[in-house]
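Before any comments, here is the structure.
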Amino acid sequence: MAFVCGFSGATRRMPAKIGGCRSQKTFSRDGRRSTVKMTNEFEDLAAQLAEEMGGMSPPPEIVPGVNGMEYVLMNHEESGQSARVYKYGATVQSWTQNKREVFFTSKEAVFNGKKAIRAGIPICFPQFGPYGDLPAHGFARITEWEVTALEVLEDGSVYTELKISNETESDLIKSWSGDKKWEAVYAVTLNAGGLETALRVTNNGSEPIEFTAALHNYINCSNIEKVRMYGLDNSKYMDRLDGDKKKDEPDDMGAGVAITEETDRIYTNIENEVVVFDSAKLHVITIKKTPTLSDTTLWNPFGSDGCDAGWKSFVCVEPAVVSKPAVVAPGETWTGAQLFALE
Ligand SMILES: O=P(O)(O)OC[C@H]1O[C@@H](O)[C@H](O)[C@@H](O)[C@@H]1O
């Protein structure tokens, strides 16, 4: 059965063997599957062919990263994009387009398989922030995910899929799951439009499952003072620094929302895309999202006590489902996806 990606609509094909093994790949040819033993000669020929065809992307591969922690390396040749997805937390740590990095990696980031990696896109699931009994932001970002697909799709998109479920070895998962049967799949795609990440939560049990979640994007910026967010005005937000009081974000008259002090907000019912404009880097970063992620959080600690020393260099803009938790009925799948484009 062909699987259709969230935004791109591309179908899956050409699965490559999981596990970083380069010696054997499966290709779909004339509708048939054949397993080919990859020799060096074959690889050379394939590389030459790809070059002649104008940059066909290689399948993603698993490689060792910081402290030997494994990540998936993805390259989309035509558009000059590259991404790194750590298996720990399914954390998209880096995304570059023509060598321009979009995400922040903290100098204080810890790569030890115990603490969330403060970089890129940690996943907050099944709990955003402190709203529940789990540690802040839940267990997804502090769990080793299983890689379940490394593929080049029919339309040339480069695709990685990772999974956790109620069966994943983890005390936190065991305690949250109880009798719940569920799986969470995270799909990361690079295509001509940019980077897409989609969290899909399937309820395989007999009772509804409720959760909150966010894609905790750490966006790299030249200096927080040079950054403006567009698409958040004329809306309401919960001010997390003022007892979650509901407040109005007025019309910004085209000036965008600036960060001039410690800011921690959950904008509710943001339907449109949010644009982050960095006037020093001249980066225009557009984040589109599915309506299932109806909230958008905006966070910068602005030098507050104990915060990351690199606070001037990031802003967090996070598509989220928090103000009204998601509920997934038995047998159903909930999908929350975002699409990043860099201009
Ligand atoms: O756990 P991290 O990566 O340091 O992020 C913490 C922050 O995450 C943000 O999403 C929250 O809005 C903040 O309240 C919180 O402080």
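The values are calculated or read from the model by the stated rules, or taken from the named source; none is laboratory data. None of these values were measured; they are calculated from a predicted model. With ideal geometry, Cβ positions are generated from the backbone for all residues, glycine too; neighbour counts draw on all protein chains shown. When the accessible area is computed, the model is the full protein with side chains, heavy atoms only, and any ligands, DNA or RNA have been set aside. Shrake-Rupley method; radii C 1.70, N 1.55, O 1.52, S 1.80 Å.
Numerical summary
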quantity	calculated
Relative contact order [Cα under 8 Å, 6+ residues apart], region 61-342, whole percent	17
Three principal axis lengths of region 85-219 [C-alpha, angstrom, descending]	46, 38, 22
Additional length obtainable on full extension of the chain from Phe302 to Ser170, 0.36 nm per residue less Cα span	44.1 nm
Förster radius 22 Å - calculated FRET efficiency between Ala192 and Lys99 (Cβ-Cβ, nearest 0.05)	0.80
Solvent-accessible area per residue for region 231-289 (1.4 angstrom probe, square angstrom)	53
Cα Rg over Rh - region 186-343, Kirkwood	0.99
Members of Lys226/Lys312; Lys163/Lys288; Lys245/Lys324 lying beyond 18 Å, as alpha-carbon distances in this model show	Lys163/Lys288
FRET E, pair Asn272, Glu41, Förster distance 41 Å, beta-carbon r, rounded to 0.05	0.20
Values of log10 I(q)/I(0), in the order q = 0.07, 0.10, 0.12, 0.13 Å⁻¹, for region 61-342 under a Debye, Cα-only, solvent-free model	-0.23, -0.49, -0.73, -0.86
Per DSSP, loop GluC sites (Glu not before Pro) in region 237-273 with at most 12 further Cβ within 10 Å	Glu261, Glu271
Fully extended contour minus Cα-Cα distance, from Glu207 to Thr335, at 0.36 nm per residue	44.3 nm
Whole-number percent relative contact order across region 257-306, with pairs defined as alpha carbons under 8 Å at least 6 apart	51
Gain in span if fully extended, Asp239 to Tyr131, counting 0.36 nm per residue against the direct Cα distance	37.4 nm
